[in-house]
Amino acid sequence: MKVRLEKVPHATLVIAEGRLDFGAAPAFQKELEQAVTAAHAAGGQVKALIVDCAALDYVSSAGLRSFLQAARASQRAGVVFALSTLQPAVREVFDLSGFSRMIPIHADRTAALARISSAKSPDGQ
Amino acid sequence: MRGSRAGSAVQEIQDSTQESQPGAELLSPPPAALRAFDGLTAPVKRLAELLLVRPGPWSRAFENLIVALIVVSIASIGVGAIPGLPEWALVALRIEEIGVVAFFSFEYLLRIVAARKKLAFIFSFAGIVDFLAIAPSLLTGFDTRWLRTLRLLRLLRLLKLQTHYLEATVTERTRELAAKNLALEQAHAQIQAELDAAHAVQVAILPARFPARTGCDGAARMISAASMCGDFYDFIELVDGRVGLVIADVSGHGVPAAFFMAVARTSLRDVAAHHAEPGACLAQTNQALCAQNPMDLFVTVFYCVLDPRTGVLRYANGGHNPPYLLRADGTIDALDGQGGLVLGVMPEAEFPDHTVELHAGDRLVLYTDGLTEAFNAANEAYGPERLIAQLRASGELAAAPLIERICASVKEFSGSAAQSDDITLTVIGWDPR
């Protein structure tokens with residue numbers, strides 16, 4: 001899988017592409033954790049980390065775990081963590097596992113960013 | 001660095017010359033003249049050892065000095081061949097030649113002193129070359145220019161030394177590599193053996209067959225992708241005559257997943273003995289897992305309790321893919337009543353209970369997503385559709401042959417593609433007749 005970072009005002013976009021399985025999860029998790037650390041270090045400049053999943057085709061249980069750990073790291077760092085633009089199959093994995101009730105999921109990037117700029121507290125929803 | 005290695009290579013050559021005549025010293029003691037020579041040259045011997053035998057700054061410097069003098073003396077032989085040189089240059093060359101020959105003679109003697117078998121050294125390749133480098137000047141005066149070019153042989157000798165050194169290094173490195181490879185292979189074999197043993201333990205703690213007392217037809221199959229499996233299933237006989245069925249999938253696989261699986265399975269088994277409702281069992285197991293989860297692992301668990309007397313099935317789902325109920329009339333229902341979160345993440349998670357009634361001839365098919373997410377070489381997933389098609393076409397197959405049929409179908413579908421996740425499948429048929 002491929003991961004690309006993009007800076008927008010007040011947020012870092014993580015654009016994930018491909019299959020997030022057992023093999024890809026550790027590297028992806030590291031990437032997310034580094035983004036969280038960088039966001040935290042930027043102080044008030046970066047309020048949120050949004051993972052754009054439009055090109056993410058598959059998420060295994062190991063992949064879910066990397067999202068879980070990133071969400072926890074974000075919470076500790078006081079950074080909003082959210083997902084956007086999930087493909088239906090990936091959305092099903094998040095619904096089935098109950099993760100969609102733990103991690104804010106937005107229809108698309110714009111909605112996610114709008115949500116972040118209006119949010120006062122770091123817990124999104 | 002290089003000089004010191006060349007120095008130790010000198011020693012190796014001398015040693016190997018000695019080794020070619022094992023025990024020669026004992027059989028034929030050195031001539032009396034040489035013994036006397038030994039006695040007279042004790043300080044020289046110490047010097048010889050310092051400069052030629054013992055690796056260190058002195059032997060390094062000496063080695064470099066020799067190389068420099070060989071080059072200077074060969075260059076001066078060339079310069080001396082130029083016709084019409086002024087007198088002062090001829091004098092300088094003459095002095096240089098005396099100095100070089102004196103130095104090489106001194107070095108030659110030192111080498112004889114340093115050699116433990118002196119005759120062997122004198123008649124070795126190195127010894128003869130060293131002698132030829134000084135012999136023309138010593139024996140015939142100083143005007144045998146062409147003979148002095150024999151000194152070029154000393155360069156050859158240096159080359160031979162270097163080659164010998166390289167060969168010795170290559171041999172040594174090859175030996176080290178072979179030893180390391182062997183150690184690595186042994187370590188790998190040991191780790192593999194331990195993983196295999198652990199896998200055997202893991203499989204052994206899961207029930208091999210469905211409790212016969214219930215009168216149900218049950219079977220299970222687990223195919224792990226790695227040595228250690230993150231999936232598990234369980235059949236739990238409860239004191240009230242009901243039977244608990246579990247299917248679960250720990251995030252990831254390998255040793256941490258296997259440990260987490262063992263903890264999850266044991267907790268659920270303990271809890272199941274004390275709680276009638278599946279949802280309460282999952283809630284309590286979840287709390288136990290959250291309390292001891294240093295690696296942030298989690299497990300999806302589907303847990304149901306079947307009353308074999310009535311066919312009433314109560315179930316709760318912790319983030320697992322819903323099992324299929326294959327009705328005797330051919331319809332297929334997913335047990336997709338609202339579930340809860342995966343276990344091990346949030347201690348306060350709740351798991352709603354649901355009820356479904358089985359009829360005679362109904363079969364319950366529980367599986368992990370390694371089955372529906374088995375990929376083929378074209379990167380397509382097996383998917384629930386293919387599983388459902390297999391179930392539809394299965395007629396009235398009993399549990400074990402139905403599992404066999406599904407596994408064969410997945411295997412055929414995946415073809416040469418490597419299995420990426422553990423596959424676990426459990427089938428329970430209920431027929432009170």
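The values are calculated or read from the model by the stated rules, or taken from the named source; none is laboratory data. If you're wondering where the values come from, they're calculated on a predicted model, not measured in any experiment. Using ideal geometry, Cβ is built from the backbone for each residue, glycine included, and neighbour counts are taken over all protein chains shown.
Odds and ends about this structure:
- For the criterion of being surrounded by 10 or more Cβ atoms within 10 Å (Cβ to Cβ), out of contact with any helix residue (DSSP H, G or I) (no Cβ under 7 Å at 6 or more places or on another chain) and either part of a loop (DSSP other than H, G, I, E, B) or outside the structural domain of B:Cys407 (by TED's automatic domain parsing) (or both), B:Ala220 fails.
- Residues of the range B:307-318 satisfying the condition of being modelled with pLDDT under 95 and touching a Cys at 6+ places or on another chain (Cβ under 8 Å): B:Pro308
- Pair list, Cβ under 6 Å, 6 or more apart: the range B:280-299 residue within 12 Å of chain A (Cβ to nearest Cβ), other residue part of a helix (DSSP H, G or I) and of a type in the set (S, T, N, Q): B:Asp296/A:Gln69
- Residue count for the range A:64-86, restricted to those that are within 13 Å of chain B (Cβ to nearest Cβ) and not aromatic (Phe, Trp, Tyr): 11.
- Scan the range B:365-404 for residues that are on the phi > 0 side of the Ramachandran plot and either away from chain A (no Cβ under 11 Å) or in contact with a Ser or Thr (Cβ under 8 Å, 6 or more places away or on another chain) (or both) and the total you get is 2.
- Residue within the range B:114-134 that is surrounded by fewer than 15 Cβ atoms within 10 Å (Cβ to Cβ), farther than 19 Å from B:Leu155 by Cα and in the same structural domain as B:Thr163 (by TED's automatic domain parsing) present: yes
- Test: B:Phe104 is assigned by TED's automatic domain parsing to the domain that holds B:Ser73, in contact (Cβ under 8 Å) with a residue 60 or more places away in the chain, among the aromatic types (Phe, Trp, Tyr) and assigned to a helix (DSSP H, G or I): no
- Odd one out for B:Leu343 among (1) in contact (Cβ under 8 Å) with a residue 60 or more places away in the chain; (2) within 14 Å of chain A (Cβ to nearest Cβ); (3) of a type in the set (A, V, I, L, M); (4) surrounded by fewer than 24 Cβ atoms within 10 Å (Cβ to Cβ): (4)
- Set B:Ser416, B:Ser420: member being assigned to a loop (DSSP other than H, G, I, E, B) and in contact with a Phe, Trp or Tyr (Cβ under 9 Å, 6 or more places away or on another chain): B:Ser420
- Yes/no for B:Leu326 being buried (at least 17 other Cβ atoms within 10 Å of the Cβ), modelled with pLDDT under 95 and either farther than 18 Å from B:Thr355 by Cβ or more than 14 Å from every other protein chain (Cβ to nearest Cβ) (or both): no
- Subset tally (residues that are within 24 Å of B:Ala374 (Cα to Cα) and part of a strand (DSSP E or B)) for the range A:43-82: 7
- Matching option when the condition is in the same structural domain as B:Ser420 (by TED's automatic domain parsing) and touching a residue at least 40 places away in the same chain (Cβ under 8 Å), among B:Glu373, B:Glu380, B:Glu348, B:Glu385: B:Glu373
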